[in-house]
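K.L.:
Right, I'll just put the structure down here and ask away after.
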Amino acid sequence: MESTSKFLPVTPVTQPIPRPEYPRPQFVRKEWMNLNGTWGFRVDDQDRGLEEKWFSVGEFPGLITVPFAMESPLSGIGDRSFHACVWYLKRFTVPESWKGYRILLHFGAVDYRATVWINGTVVASHEGGHTPFSAEIAGQIQGGENIVVVRAEDPPDDRYIPRGKQHWEVEPVSIFYARTTGIWQTVWLEPVPVHYMESVRITPRIDGSVFFGLKIRPVGKALSVTATVLRSGVPIASGMGLVDGPRATVAIQISEPLLWSPSAPNLYDVQFELKDSSGVLDSVESYFGFRALTTQDRKIVLNGDPIYLKTVLDQGYWPESNLTPPSDEAIQQDIRHTKELGFNGVRKHQKVEDPRFLYWADKLGLMVSAEMANAYLFSPEAVNRMTREWIEVLSRDYNHPSIVIWVPVNESWGVPNLRDPRQQAHLKALYYLTKSLDDTRLVIDNDGWEHTEATDLFAIHDYTQTGDELYRRFQNIPLHELPQPLYGKLFIAPGYRYNGTPVFLSEFGGIGYVREEDLTKVPENSWGYSGVETSSSHALERMRGLYQAVARIPQIAGICYTQLYDVEQEVNGLMTYDRRMKFDPAIIRRINELLI
């Protein structure tokens, strides 16, 4: 018999809906319905739900708070044990005013495979735990109350699935953390007209030109799209394009554009209107920023000027909600803390981040190195999974000016044997695929280890403990043969040579420290990448020494310090896991100022 005792505690929602903010800030319509909150919930450890037709039973024995995964406390469950298959159920009523519209059901992310039913009929299926999907459901909607059921399958020990830091063993250990099973981003409904805009791809250039590529559904009617650019609410330019099949293109020129940067995150609003001869059919709001990334003379160049990347490793986890940000305010707080500490960017590590994080990075001025959550082992199936989902990531996040680097692979995860020509081909294919879909950003082929010639930055990871030792190891880079990383891998894949790109020290530091008042709060298996100091003064002294060494190595064009906050057993954060500062932010900011 199925045990439901662990899945009963959630008081039916009389409180505000969790994560109530609009979930897709790059493509906004005014009318929508948030389905977050209390859902029926049921585990399916014997995988019998399909055979027993749970999609049509009408009730589930347990409750869960969406969008928080069952492993997290905010879900109301907090069960970290293995459950490869779970089911969700939600009742909803469509407003009468939506009659005559198409109705889209959106999922921000469901880990890992999802099947969706409306009133007992399958309307969608999706594979990929980090990217959105939608279904048009008007044909299945009935008057009064409707039921949506979701089956989520996430094999917890499958290392051929892109899973990032989610551990394939029951308990988190080392650099791996709790799993995220099922729905972990907002679920919502949206009415759209019969002909509507499905998406937009925005490509601004710093000469002031901006190109909007829109997808229109369905095809077969004489339509046009108007784009109006606004600054501080005032229209400053507009353009029009005819719909050609499923697409429309609009080009606009802005005179003397204000450029986006961390110190001046200038953004422009844009309103799109889909029209026919009778008038406006559909209206969507978005925004964009003018900025350009390139490299020159082994330096990173933003908007024509060299910039030193001062980033910090950000794992995107919270103690109460795992991968799901607990609130929009929590996202903003992390970004403000990052800037307060003197960093101008983050490396979002092994996580495809919530779109709201990228929105606030755009608004507040924070550069982002955006990274795919990797599988660990290589197979044809793993290649297929990785490639398909990475394309979806690039499509979802292309418009965000804050993203300056794409990272498909970290430390050879998913390509563990780069002596294998197939794995080399896969690594290089991901680089060229990324560049074919986006020529506006830098791409790192394999962050930290075993580069081919197909990379825009030569990213290295090094957790040398002292500044003196770090300087001795890297004072002469770039060389044809760089020193070996501390973990037995190479910085250059077999058969390749250093390609002359800027050197990015994209992981270093990792100095652990636990304040005396927190010693009883951290797990027994706590650790730091380069040891744990017993006092804040010793930790700061080592950090300052590492930065001073980096400042003496002019070949290094940017850094990423490990890390912004503790995560579970890792205690090398500048903040605790619950986001309390361990050190005076002004001291960390002055250390960051050593790098120019």
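We did not get these values from a lab; they are worked out from the coordinates using the rules stated. All figures in this text were calculated on a predicted structure; none of them were measured in a lab. All Cβ positions, glycine included, derive from the backbone under ideal geometry; neighbour counts span all protein chains shown.
K.L.:
Could you order the peptides 148-154, 565-571 from most to least packed, using the average number of other C-beta atoms within 10 Å per residue?
P.N.:
My ranking of the peptides, most packed first, is 565-571, 148-154.
K.L.:
Please tell me which of these pairs span more than 27 angstrom C-alpha to C-alpha: K30/K221; K90/K215; K299/K339; K215/K348; K339/K582?
P.N.:
Details: K30/K221 25 Å; K90/K215 30 Å; K299/K339 22 Å; K215/K348 29 Å; K339/K582 16 Å.
Where the Cα-Cα span goes over 27 Å, the pairs concerned are K90/K215; K215/K348.
K.L.:
Taking 0.36 nm per intervening residue step and subtracting the Cα-Cα distance, what contour gain separates S379 from K299 on full extension?
P.N.:
25.2 nm
K.L.:
Same structure again: In whole Hz, with x marking every Gly and Pro, tabulate ³J(HN,Hα) for the stretch 107-118 from phi via Karplus 6.51 cos²θ - 1.76 cosθ + 1.60, θ = phi - 60°.
P.N.:
Computed from phi, the couplings for the stretch 107-118 are 10, x, 5, 9, 9, 10, 10, 10, 10, 10, 10, 10 Hz.
K.L.:
Using every pair of alpha-carbon atoms in the stretch 201-279, split the distances into 5 Å bins beginning at 0 and state the percent of pairs per bin, rounded to integers.
P.N.:
3, 14, 25, 22, 15, 11, 6, 3, 1, 0
K.L.:
As an exercise, use a Förster radius of 51 Å and the Cβ-Cβ distance of L519 and R497 to find the FRET efficiency, rounded to the nearest 0.05.
P.N.:
Numbers: r = 48 Å, r/R0 = 0.94.
My answer for the efficiency is 0.60.
K.L.:
While we're on this one: Pairs of alpha-carbon atoms within less than 8 angstrom and 6+ residues apart define the contacts here; what relative contact order does the chain have, in percent?
P.N.:
Details: 1459 pairs, mean separation 67.4, N = 596.
Relative CO of the chain lands at 11 percent.
K.L.:
Can you give the Rg to Rh ratio of the chain, both from alpha-carbon atoms, with Rh computed by the Kirkwood formula?
P.N.:
Values: Rg = 24.4 Å, Rh = 25.2 Å.
The Rg/Rh ratio comes out at 0.97.
K.L.:
Using the 10 angstrom Cβ neighbour count as an exposure proxy, how do D354, D44 rank, fewest first?
P.N.:
D44, D354
K.L.:
With labels modelled as points extended 7 Å from the Cα through the Cβ direction, what inter-label distance (nm, one decimal) is found for S209 paired with T466?
P.N.:
Spacing of the two 7 Å Cα→Cβ label points: 5.6 nm.
K.L.:
Separation between the E96 and T249 pseudo-spin-labels, each 7 Å from Cα along Cα→Cβ, expressed in nm?
P.N.:
4.7 nm
K.L.:
So, R0 is 51 Å and r is the distance between the beta-carbons of R580 and M240; what FRET efficiency does that work out to, to 0.05?
P.N.:
Step by step, r from the Cβ atoms, then E = 0.45.
K.L.:
Order of 239-246, 287-294 by packing, highest average Cβ count within 10 Å first?
P.N.:
287-294, 239-246
K.L.:
Could I ask something else about it? How much length, in nm to one decimal, is gained on full extension between R544 and K30, taken as 0.36 nm per residue of separation minus their Cα-Cα distance? Can you show the working numbers first?
P.N.:
Numbers: separation 514, 0.36 × 514 = 185.04 nm, distance 4.91 nm.
Net length gain for the segment: 180.1 nm.
K.L.:
Using DSSP, restrict attention to beta bridges with both residues in the chain and report what percent are antiparallel, rounded to the nearest 5. Intermediate values should be presented prior to the final figure.
P.N.:
Values: 95 of 132 bridges.
Given both bridge residues lie in the chain, the antiparallel proportion sits at roughly 70 percent.
K.L.:
Give the share of C-alpha pairs in each 5 angstrom bin for the stretch 545-596, from 0 to the last occupied bin, in whole percents, shortest bins first.
P.N.:
That works out to 5, 19, 24, 21, 16, 11, 4, 0, in percent per bin.
K.L.:
How far, in nm, would the chain grow between R201 and K363 when pulled straight, counting 0.36 nm per residue and subtracting the alpha carbon separation?
P.N.:
Computed gain between R201 and K363 is 56.5 nm.
K.L.:
How far is the Cα center of the stretch 572-596 from the Cα center of the stretch 137-191, in Å?
P.N.:
Using only Cα atoms, the two centres lie 34 Å from each other.
K.L.:
Can you give me the long-range amide H partners of F133? Hydrogens built in the peptide plane at 1.01 Å from N, cutoff under 5 Å, separation of 5 or more residues or another chain.
P.N.:
HN-HN under 5 Å from F133: F107.
K.L.:
Using the Kirkwood formula on the Cα atoms of the stretch 254-362, what hydrodynamic radius do you get, in angstrom to one decimal?
P.N.:
16.6 Å
K.L.:
Return I161, I216 ranked ascending by Cβ neighbour count within 10 Å, so the fewest neighbours appear first.
P.N.:
Listed from fewest to most nearby Cβ atoms, that is I216, I161.
K.L.:
Right, here's the next one. Let me check the size of the stretch 5-192 from its C-alpha atoms; what are the radius of gyration and Dmax in Å?
P.N.:
In Å, with Rg to one decimal and Dmax whole: 16.2, 54.
K.L.:
To continue, here is another question. For the stretch 433-453 and the stretch 226-297, compute the distance between their C-alpha centroids and round to whole Å.
P.N.:
Answer, in whole Å: 27.
K.L.:
Arrange the peptides 104-111, 519-526 so that the one whose residues have, on average, the most other Cβ atoms within 10 Å appears first.
P.N.:
On the way: 104-111: 24.5, 519-526: 12.1.
Sorting 104-111, 519-526 by mean packing, highest first, produces 104-111, 519-526.
K.L.:
Could you put I591, I511, I559 in order, starting from the residue whose Cβ has the fewest other Cβ atoms within 10 Å?
P.N.:
Starting with the residue having the fewest Cβ neighbours, the order is I591, I559, I511.
K.L.:
Nearest 0.05, what FRET efficiency do L433 and R552 give at R0 = 51 Å with Cβ-Cβ as r? Could the numbers behind the result be given before it?
P.N.:
Numbers: r = 38 Å, r/R0 = 0.74.
With a Förster radius of 51 Å, E is 0.85.
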